[in-house]
Structures are given as structure tokens and as C-alpha cells.
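Reviewing the structure listed below.
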Amino acid sequence: MHDIAYNLITGAHFEVDRLVQEALAEGYSANDVLDDGLISGMAIVGIKFRDNIIFVPEVLVAARAMKAGMVYLEPILSASGIEPVGTIVMGTVKGDLHDIGKNLCIMMLRGAGFIVHDLGVDTKPDEFIDAVMEHEAQILGMSALLTTTMPNMGRTIEAFEEYGLRDTVRIMVGGAPVRLEFADDMGADGYGENAMECVDMAKRFMGAGEAEEVEEEVESVPVAGSD
């Protein structure tokens, strides 16, 4: 599994494709390949991105490598009938077209067993409300990269309050300019600084525990695209 994680982090998607197939053929379960290979690799990618060790291009190639492995795992996991951890609606708020951080969170949430409905970018408050009601989501995640669009997080929360729906969903927020104090002031239930914290928070909301700690592994792993 270490080889799968290593190649994912370095963005070697053809190798991840081959190694995932080999692991399944050798009798490893889809859950083990997912947790010990793909998820552990993406967790380290998330930490490196948070700490500015790697940047957007490296995250994208790592994400491509994870998708290459998920092609083989998703049908197995779906057929196993395992109950999802929970249902989440995610979107970037109105006026904001940035989605790389959100997409990384979504990928890791899905890998952790959540059903995630992605509303994309430039999402209006009523679109968040409609999606939460339609999918009976327990959690709503909002992202913003621009300081000018951050207030739309608060406006969305106010819209849930106006419709009497605030107590039906846990709301978590994130994005480069967002801070814990801002999240508290707007009335969010939680704030995640990075994709790992996003997964941990969602698991806590659902009473499913926290993701494994991988900080100690980061320094020994190369960055995607390095020699």
C-alpha cells in the first residue's frame, strides 16, 4: 500500500492504476486499498498543500492519480452495500469561481465514505437550501477564496435561519481567507483549514471519529513532479 500512496503523491497516475489492479488481484480488499493507499496518500498531499510545500499543479496531478485508482474501487465499494457515513452538500459561494480546495475536500470526503453532492461554484443561498432538502444532507460545506465573497457564507446561514432550517444541518466552512473567528461570527458549526480537517470535522459531526494522524510522514515523502 505504501507504493500506491507514494506514487499518488508523486502524481504517477499510470503506476497507481497498475498498483491498484495488482493489489485487488492479490486479494487486498477495496477498503484497504482505499484507506491505506489512496486516502493516506491524499492526506499527505493535503498537508503539503496547506504548508505551501506543493502548489496547485502538484495537487491536480495527485488528484488525477487518485481518480485512476478509484475507477477500480468505486464499483466494488458500491456493490458491497456499505452504508455511507453521511450525506454532504458542498459548493463555492455566490460570486466565487474557485474550486480546487473544495474539490480536494470532496475527493477525500468521498474516499472516507461520505456521499457528496457538489454544487460547483457561484452557488446562491437558495441553491444550497434546495440541495440540502432534496438530498436530506446532514452536513453543508461552503468554500470561498475571495475576501469579497466570504460574507456570502454568512448570508447563506442567515437564509437557513429565515426558512427555519438551521437546526437541520451542520454547516462547515473553509477557504484560504477564512479563519475560525470569522466562522464563529457568522454562526458556522465548524471551520477546516485544509482537506484533512474537513474530513475530520465531517466525521465528528456524524460521530464517526477522526482521520488518522499523518503529520509525521510528510517530511519523508517527495512532492509530486519532483525528480
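The values are calculated or read from the model by the stated rules, or taken from the named source; none is laboratory data. Given the structure is predicted, the values throughout are model-derived calculations rather than measurements. Neighbour counts run over all protein chains shown; Cβ positions are idealised from the backbone, glycine included.
Applying the condition of being touching a helix residue (DSSP H, G or I) at 6+ places or on another chain (Cβ under 8 Å) and not in a helix (DSSP H, G or I) to the range 11-45 and asking which residue is surrounded by the most Cβ atoms within 10 Å (Cβ to Cβ) yields 11. Here residue 71 clears all of (1) under 26 Å from residue 9 (Cβ atoms); (2) surrounded by 15 or more Cβ atoms within 10 Å (Cβ to Cβ); (3) over 14 Å from the mean Cα position of the chain (by Cα) except the condition numbered (2).
Scanning the range 113-144 for residues that are under 16 Å from the mean Cα position of the chain (by Cα) and surrounded by fewer than 22 Cβ atoms within 10 Å (Cβ to Cβ) yields 113, 115, 117, 118, 119, 120, 121, 138.
With the structure loaded, tell me whether residue 23 is farther than 30 Å from residue 162 by Cβ and at pLDDT 90 or above or whether it fails that test. Yes; evaluated as a whole, the condition is true for this residue.
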